[in-house]
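Bear in mind that the values in this text are calculations on the coordinates, not laboratory data. Please read all numbers here as calculations on a predicted model, not as lab measurements. Cβ atoms come from the backbone with ideal geometry, glycine included; neighbour counts cover every protein chain shown.
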Amino acid sequence: MSKLKTTIRYLKYLFSAGTKHDVHSPFVFNLLTNIIENNEEYYPYADIENIRQQLLSDETSIEVNDLGAGSSVLKNNKRKISEIARHSLKSPKYAQLLFRLANHFHPKTILELGTSLGITTLYLALANKQAKVVTIEGSENISQRAKQNFEKLNATNIESVVGNFDDILISSLNKLCQLPTTNCQLDFVYFDGNHRKEPTLRYFEQCLQYAHNDSVFIFDDIHWSDEMEQAWEQIKQHSRVTLTIDLFFIGIVFFR
């Protein structure tokens with residue numbers, strides 16, 4: 001999406017969005033006040049952001065296999081690490097929000113669709129070192145670089161999987177749970193890959209089979225395109241979804 005279209009969408013969002021004082025739910029008010037708007041500096045922030053800075057200055061080139069909607073900026077398959085970091089990594093503001101959400105809800109099982117260079121993965125994994133994190137990346141070379149970053153911070157609770165979400169999501173869910181499908185519970189999912197309507201809805205439905213009352217699903221770039229906005233609207237209307245929070249760049253889904 002062009003910067004102009006993004007700006008227009010964001011202005012529309014700001015115009016229609018309320019404030020936390022419009023919220024009547026104690027659960028949502030507490031979440032907005034103590035988690036979403038929390039500016040406290042948590043212990044792993046500095047270490048993870050130091051890795052981000054290393055990536056931003058890394059001029060190494062690698063071959064990238066885009067399996068989803070691809071980058072709206074980077075079109076060549078051969079890309080510098082610095083370019084990937086600049087255009088693909090979630091900003092510190094939202095990456096650290098993922099940490100606070102995982103730290104608050106204490107999920108035992110975390111699934112990430114779209115590892116990229118592993119910055120958000122580290123925030124999720126270090127929020128609860130007892131959690132089991134499975135992260136899926138479509139590009140082998142990007143996944144290998146992410147693994148190096150995990151090793152730097154000794155994030156041993158992360159398992160990296162390489163492949164097309166369409167081919168390996170179900171097997172990854174089973175691996176994450178290590179339980180019969182009927183008893184498996186998926187606590188926390190971050191959807192950050194293949195930013196198109198039909199795949200997003202399909203992955204949502206597949207993960208939904210493992211969701212429970214306290215599961216938290218987070219969707220990245222819900223206003224990235226018309227397709228993603230349509231997918232987000234459909235997710236909001238799903239019969240099992242009881243609450244959604246639209247933060248423009250991400251959307252949070254609850255089932256309680």
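Whole-Hz Karplus ³J(HN,Hα) for segment 210-219, in order, using 6.51 cos²θ - 1.76 cosθ + 1.60 and θ = phi - 60°, x for Gly and Pro?
9, 6, 9, 4, 9, 5, 10, 10, 10, 10
Quick one: if you stick a label point 7 Å off each Cα along the C-beta vector at residue 28 and residue 93, how many nm between them?
Result: 2.1 nm between the two label points.
Once phi is turned into θ = phi - 60°, what whole-Hz ³J(HN,Hα) does the Karplus curve with 6.51, -1.76 and 1.60 give for every residue of segment 80-91, x standing for Gly and Pro?
7, 4, 4, 5, 4, 4, 5, 9, 10, 6, 5, 4
Taking 23 Å as the cut-off for C-alpha to C-alpha distance, list the pairs among 132/152; 197/236; 175/197; 147/236 that go past it. The partial results should precede the final answer.
Working: 132/152 18 Å; 197/236 13 Å; 175/197 26 Å; 147/236 34 Å.
Long pairs (Cα-Cα over 23 Å): 175/197; 147/236.
Under 8 Å for C-alpha pairs, at least 6 residues apart: give me the relative contact order for segment 3-254, rounded to a whole percent.
Working: 379 pairs, mean separation 37.9, N = 252.
Across segment 3-254, relative contact order equals 15 percent.
Between residue 170 and residue 129, how many nm apart are label points set 7 Å from Cα along the C-beta direction?
3.7
Residue 209 to residue 247: FRET efficiency via 1/(1 + (r/R0)^6), r the Cβ-Cβ distance, R0 25 Å, to the nearest 0.05? Let's see the in-between values first.
Working: r = 26 Å, r/R0 = 1.04.
After rounding to 0.05, the efficiency reads 0.45.
Tell me whether segment 3-254 comes out rounded, prolate or oblate; compute the Cα gyration tensor, take square roots of the eigenvalues as a ≥ b ≥ c, and use a/c under 1.5 as the rounded threshold.
Values: a/c = 1.28, a/b = 1.17, b/c = 1.10.
Verdict is rounded for segment 3-254.
Whole angstrom only: what separates the Cα centroid of segment 29-65 from the Cα centroid of segment 138-159?
15
Go through segment 183-255 and name the trypsin sites (Lys or Arg not before Pro) that are in a DSSP coil and have 12 or fewer other Cβ atoms within 10 Å of their Cβ.
Listed in order of number, the matching sites are 240.
Each residue of segment 123-130 in order: what ³J(HN,Hα) in whole Hz does its phi give by Karplus 6.51 cos²θ - 1.76 cosθ + 1.60, θ = phi - 60°, with x for Gly and Pro?
Along segment 123-130, the couplings run 4, 5, 5, 7, 5, 8, 5, 8 Hz.
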